[in-house]
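S.K.: I have a structure I would like to understand better, so I am pasting it below and will then ask my questions one at a time.
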Amino acid sequence: MAILKIARMGHPVLARQADPVDDPTAPEIRRLVADMLETLADAGGVGLAAPQVHVPLRVVIFAVPESRDRDGPGVPLTVLVNPEVTPLDDAQDNDWEGCLSIPGMVGLSVPRWSRIGYAFHGLDGKSEEREAHGFHARVVQHECDHLDGILYPMRMTDLDGFGFSEEIMRRDKEAEA
Ligand code: NI
């Protein structure tokens with residue numbers, strides 16, 4: 001296992017469409033996921049997509065700890081190979097997001113579908129379907145966007161809420177005072 005270098009916004013690997021995985025059970029996919037898990041644990045965060053470690057394949061890992069899940073009981077570590085996301089209705093939420101590929105920055109108001117279904121293959125090759133809402137749905141949409149070359153600022157309709165997290169926190173503190 002190895003901690004991999006994380007690509008930052010502006011690197012072409014983050015801007016392209018990632019390729020489907022032919023065989024989710026292949027040893028090289030298992031190895032990639034093991035390295036992604038180690039990289040995510042080292043960097044901190046709830047999710048990581050393969051393009052973020054310079055591998056243009058449709059693979060995502062994420063976990064929502066109970067402490068960070070405002071909308072549910074948390075989600076155990078999940079590996080998504082070739083995921084597909086479908087909104088279940090027209091409802092959207094705005095909430096803040098950060099990204100390991102845009103270090104030090106935050107977007108306060110990123111629109112996402114409130115309720116989604118998502119289908120994927122696991123490392124055992126089996127297909128699975130799930131439904132998600134709230135923060136869980138947001139994490140899945142953010143990570144799967146990486147597979148289509150989309151970063152969260154590209155989803156924002158109001159860039160007033162995009163900036164360095166230190167500055168935005170200072171600004172909000174001053175606004176409250
Ligand atoms: Ni990200």
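S.K.: Tally up the residues in the range 114-139 that are among the hydrophobic types (A, V, I, L, M, F, W, C), part of a strand (DSSP E or B) and touching a Ser or Thr at 6+ places or on another chain (Cβ under 9 Å), please.
M.R.: 3
S.K.: Go over the candidates R16, R115, R58 one by one and state the one that is among the basic types (K, R), open to solvent by 50 Å² or more (accessible area, probe 1.4 Å) and out of contact with any His (no Cβ under 6 Å at 6 or more places or on another chain). I'd like the intermediate steps shown before the answer.
M.R.: On the way: R115 fails: out of contact with any His (no Cβ under 6 Å at 6 or more places or on another chain); R58 fails: open to solvent by 50 Å² or more (accessible area, probe 1.4 Å).
Going through R16, R115, R58 in turn, just one is among the basic types (K, R), open to solvent by 50 Å² or more (accessible area, probe 1.4 Å) and out of contact with any His (no Cβ under 6 Å at 6 or more places or on another chain): R16.
S.K.: Condition first: of a type in the set (K, R) and more than 27 Å from D19 (Cβ to Cβ). Can you find one or more residues in the range 117-139 that meet it?
M.R.: No, the range 117-139 contains no residue that is of a type in the set (K, R) and more than 27 Å from D19 (Cβ to Cβ).
S.K.: Mind listing just one residue for me: the one in the range 97-112 that is open to solvent by 30 Å² or more (accessible area, probe 1.4 Å) and under 16 Å from R8 (Cβ atoms) and, of those, nearest to the ligand (Cβ to nearest atom)?
M.R.: Ranking the qualifying residues of the range 97-112, first place goes to L100.
S.K.: Counting just the residues of the range 67-81 that are free of Cβ contacts under 8 Å to residues at least 12 places away in the same chain and under 19 Å from E97 (Cβ atoms), which one comes out surrounded by the most Cβ atoms within 10 Å (Cβ to Cβ)?
M.R.: Filtering first and then ranking leaves G74.
S.K.: Quick check on my filter: what residues within the range 15-35 are among the hydrophobic types (A, V, I, L, M, F, W, C), under 18 Å from G149 (Cα atoms) and either within 16 Å of the ligand (Cβ to nearest atom) or without any contact (Cβ under 8 Å) to a residue 12 or more places away in the chain (or both)? Break it down stepwise before answering.
M.R.: Our first condition is that a residue be among the hydrophobic types (A, V, I, L, M, F, W, C); within the range 15-35, this holds for 15, 18, 21, 26, 29, 32-34.
Still in the list and also under 18 Å from G149 (Cα atoms): 15, 18, 21.
If the condition is that a residue be among the hydrophobic types (A, V, I, L, M, F, W, C), under 18 Å from G149 (Cα atoms) and either within 16 Å of the ligand (Cβ to nearest atom) or without any contact (Cβ under 8 Å) to a residue 12 or more places away in the chain (or both), then A15, A18 are the ones that fit.
S.K.: Which pairs turn up if I take residues in the range 128-156 that are free of Cβ contacts under 8 Å to residues at least 24 places away in the same chain and look for partners that are of a type outside the set (K, R) and within 11 Å of the ligand (Cβ to nearest atom) with beta carbon separation below 6 Å, at least 6 apart in sequence or on another chain?
M.R.: The qualifying pairs do not exist here.
S.K.: Let me ask something else. Anything in the range 160-177 that is open to solvent by 20 Å² or more (accessible area, probe 1.4 Å) and under 17 Å from M9 (Cβ atoms)? List them, or say none.
M.R.: Hits for the range 160-177 are F162, F164, S165.
S.K.: If you don't mind, another one. Which residues, counting only those in the range 129-159, are open to solvent by 60 Å² or more (accessible area, probe 1.4 Å) and of a type in the set (S, T, Y)?
M.R.: Passing the criteria: only T157.
S.K.: I'm trying to understand the selection: among the residues of the range 58-76, which are within 13 Å of E143 (Cβ to Cβ) and either within 12 Å of the ligand (Cβ to nearest atom) or not in a loop (DSSP other than H, G, I, E, B) (or both)? Show your work before the answer.
M.R.: Residues of the range 58-76 that are within 13 Å of E143 (Cβ to Cβ), as a first pass: 58-64, 75.
Selection gives V59, V60, I61, F62, A63, V64, V75.
The values are calculated or read from the model by the stated rules, or taken from the named source; none is laboratory data. Owing to the predicted nature of the structure, the values given are computational and were not obtained by experimental measurement. Cβ coordinates were reconstructed from backbone atoms using ideal geometry, including for glycine residues, and neighbour counts include every protein chain displayed. SASA here: full protein model, heavy atoms, side chains in, ligands and nucleic acids out. Shrake-Rupley method; radii C 1.70, N 1.55, O 1.52, S 1.80 Å.
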